[in-house]
1. Which distance in nm do the two modelled labels at residue 201 and residue 274 give, with both placed 7 Å along the Cα-to-Cβ direction?
2. Note down, for the stretch 196-279, the three equivalent ellipsoid semi-axes (square root of 5 times each alpha carbon gyration tensor eigenvalue), biggest first, whole angstrom.
3. Taking 0.36 nm per residue of separation and subtracting the Cα-Cα distance, what length does fully extending residue 93 through residue 263 add?
4. With the crude spin-label approximation of a point 7 Å out along Cα→Cβ, what separation in nm comes out for residue 68 versus residue 245?
5. Nothing charged except the Cβ atoms of Lys and Arg (+1) and of Asp and Glu (-1): what's the magnitude of the dipole of the stretch 233-282 about its Cα centre? Round to the nearest 20 debye.
6. With each label point set 7 Å from Cα along the Cα-Cβ vector, what nm distance links residue 229 and residue 179?
Amino acid sequence: MKKTILPKIIRFAVCITVLGVAVAVGFLTGAFNFTGLNLRLNFNSLLKVLVMASAVIAVEAVLSLVLSIPKPENHRVRTVLSIFASLLKYVAFIVILCWGLSIIGVNVSTIVASVGIIALVVGFSAESLIADVVTGAFMIFENQYNVGDIVEVGGFRGTVTNIGIRTTSITDPGDNVKIVNNSDMKNILNRSDKLSRSVSVISIPYATDLEKLESEIPALMDRIYENRTDVFKNPPRYLGVEALSNSSVDLKFVVNVDEKDIYSGARLLNRDLLLGFRALGVECPFPQLDVHGDFYG
């Protein structure tokens, strides 16, 4: 959290410093004498633009800081906060642009009236940008995924850490961050809606009394669950004989877990089954090779 808040505090401090210096210089030099508003590019107008821009950026920094402090558990609320934080940057840019043009005497209303023609030209050159923004808006309204959800897109699996106006950031368990344009967020597999299953396949020797072992498995599953209630959502289930391998009989087990625990759950289940089988007198087999034949010498 400190890594995300510190840059915002620094940016806010810099903006306040620039704002204070610019305001002081403006009043000392008489730059803030609003006697007319003709188009001009001089020290007075540029100083006013600098003061305005610093003030707007400072307000944006404060609002971004405020939005980054809450850490709600609800994924939908986190998504809304992330969208607002992203939207603030674009709003700040537009305000600085329009207000700055007004300060130097440009008739902004005339520019706005010409936006229809300009938008047509820009639209063809910024097709991907528009697609990102529109697609992102539809995904949010349709609640396809939220900040904190575990998703898989294009073979990359991770947790959604940020949803912006144009892009979505996904972080995998190795802290690798993939930034995907919203228009490329297609065929999304949201793994957070339902419980996932951790799978374990344990091998036992052919000489094992399978019927006796199967009668002892339910009690073993209950003991394993009692020790893993923080990860397992219910007792592991024995599904039966998975395969008859060369040197072993393979038994399959599954347990319901949260998607974020799907791999750690499998490791824990492997460990507990190994120790549990050993306690029941069943050792996991190792590959064996039987050689048959006559030797003449």
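Every read-out reported here was derived from the displayed coordinates using simple, explicitly stated rules and does not represent laboratory data. These figures come from a predicted structure and were not determined experimentally. Note that we place each Cβ from the backbone using ideal geometry, even for glycine, and neighbour counts take in every protein chain shown.
1. Simple spin-label model gives 1.7 nm for this pair.
2. Details: eigenvalues 98, 38, 20 Å².
So the three semi-axes of the stretch 196-279 are 22, 14, 10 Å.
3. Using 0.36 nm per residue and subtracting the Cα-Cα distance, I get 56.8 nm.
4. About 5.0 nm separates the two model spin labels.
5. 120 debye
6. My value for the distance between the label points is 4.5 nm.
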